[in-house]
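The values are calculated or read from the model by the stated rules, or taken from the named source; none is laboratory data. Predicted model, so just to flag it, every value in this text is computed and none were measured. Every residue, glycine among them, receives a Cβ derived from its backbone with ideal geometry; neighbour counts consider all protein chains shown. Just the protein is used for accessible areas: all its heavy atoms, side chains included, with ligands, DNA and RNA removed. Shrake-Rupley method; radii C 1.70, N 1.55, O 1.52, S 1.80 Å.
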Amino acid sequence: MFLPPRLALAALACLLAVTARAEAPMRGHGGPVRALAVTADGRQALSGSFDSSAILWSIEDGAALRVLRAHDGAVNAVALLPDGGLVTGGEDGRIALWREGDEPERIVAAHAGPVSGLAVAPDGRWIASSSWDGTARITPLDGSPALVREGHKGNVNGVAFLPDGRLVTAGYDATVRIWPETGAPLTVQLESPVSAVVAAPDGEIAAAGADGTLRLIRSDGGIRAGVEIGPRPLVALALSPDGRRLAAATVGGAVAIVDRAEARVRLTLVGPGLPVWSLAFRGPDELVTGGGDRLVRRWDLRTGEPIGPLAMARPADPLAAFAGDRGAAVFRACEACHTLTPDGGNRAGPTLYGVFGRRIATVPDYPYSPAFRRLDIVWTPETVARLFEIGPARFTPGTKMPEQTIGAAEDRAALVRFLERATR
């Protein structure tokens, strides 16, 4: 799925692994839920989030069974192996294989750009990955060298395996490509960038378009049908286990359930109005969704109704008390990663409470990079202003902080004044 890189970087990372009551949304991620997969028996779900973590859930009681943290940045893709292994792909370009314990068994592949999609081969021996580095990889789990597929112009946003083992890739260049074992791919030119792709048991391919159209493509490259879902871009796609239904989500938050044989929308699920970034079927009659509200939700496809409450109280706005303050407005770009108050805790970045006068890399329990710990900086109004004048990459080499600058001196000054008040 194609997402602007800045959106992927603006993710929360504070994760509270809580146990929810039965039939309640699964709440625990600190950022939008970017990826979902459900086990074949329907008992567990694996979710990946912009908060840089993945969570393995017990679906029936909403309990977080495991919290997986290994990526520097958003977890954009997840997959499940037939033998129970878990796979996560991150913004850091790495693909991690998890078995038991709190650490990945190994890093099975690495891309030069964010991983955008994962797929497991029908025999469970290969993992396919797509990346914004413009490539797709087929990585054998036995440690053999990966096969690299190149040819897309720009981001590769999704991958899938056909039943015969051929790889399917979809890209921002508005193409779907079907790759033989050797030689050039069959390229299907479409009318808009493709954000996600799935392959059905009979070999048909479904591609989610940025123009709001779901296209059904035969394995020979012919387009069988186009289903107009709506004017908003499609950003997520899932296929039911029996291959009969597709779920397609828009950036506006609506999810269409499509009868694949008839190429027709049968049901539309309407959520709380936030983007739905990820989808997975739980059997033929239940859908699991993850979105911008940071929750994993369940839907009954027989009724079109959510399982458990849908309307959730939004968290209080920590900047509401600073309405009209120019510095607070500038800080809006930072609040996804940093808190300001004593009880706020660490997120993707350390808390800023008490930041002025504090030596760099000294907030307890925050996983600073080794390069960051070696820096000799004390945070003052001057050093904070300088950070945003020249950018984190130059001022704090080795940082995991998103690269950003504040060009206007008056905006930097307003931010510093705001932080002096808000972090005391």
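Report note on the peptides 218-226, 118-126: ranked by the mean count of other C-beta atoms within 10 Å, highest first, their order is 118-126, 218-226. Protein heavy-atom surface of segment 335-388, 1.4 angstrom probe: 56% of the accessible area is carbon and sulfur, with nucleic acids and ligands not counted.
Computed on the Cα atoms alone, the convex hull of segment 30-94 gives a volume of 73 cubic angstrom per residue.
With the alpha-carbon atoms of the chain aligned to their principal axes, the span from lowest to highest coordinate is 64, 47, 42 Å, starting with the largest. When a 1.4 Å probe is rolled over the protein heavy atoms, the share of accessible surface on segment 189-286 that falls to carbon and sulfur comes to 49 percent. Packing, taken as the mean count of other beta carbons within 10 Å per residue, orders the peptides 168-176, 285-293, 142-150, 53-61 from highest to lowest as 168-176, 285-293, 53-61, 142-150. Modelled spin-label separation between Arg332 and Asp202, with each label point placed 7 Å from Cα along the Cα-to-Cβ direction: 4.9 nm. Work through the residues other than Gly283 whose Cβ is under 15 Å from its Cβ and net out their charges, Lys, Arg +1 and Asp, Glu -1. Taking every Cβ under 15 Å from that of Gly283, the sum is 0. The residues of the chain expose, per residue, 43 Å² of accessible area to a 1.4 Å probe.
Atom-type composition of the exposed protein surface of segment 25-181 places 47 percent of the accessible area on carbon and sulfur (1.4 angstrom probe).
Protection proxy ranking, highest mean first, for peptides 358-364, 373-379, 252-258, 85-91: 85-91, 252-258, 358-364, 373-379, where packing is the per-residue count of other beta-carbon atoms within 10 Å, averaged. Normalised Debye scattering of segment 59-154 at q = 0.11, 0.23, 0.24 Å⁻¹ gives log10 I(q)/I(0) of -0.31, -1.22, -1.30, counting only Cα atoms as equal scatterers and leaving out solvent. Taking Val384, Val276, Val78 as the candidate residues, the one with maximal mean-square fluctuation in a Gaussian network model of the chain, Cα springs under 10 Å, is Val384. Within the listed set Glu181, Glu204, Glu228, the Gaussian network model of the chain (springs between alpha-carbon atoms below 10 Å) gives the highest mean-square fluctuation for Glu181. Using the Cβ of Glu204 as centre and a radius below 12 Å, the other residues enclosed give a net charge of +3, where K and R count +1 and D and E count -1.
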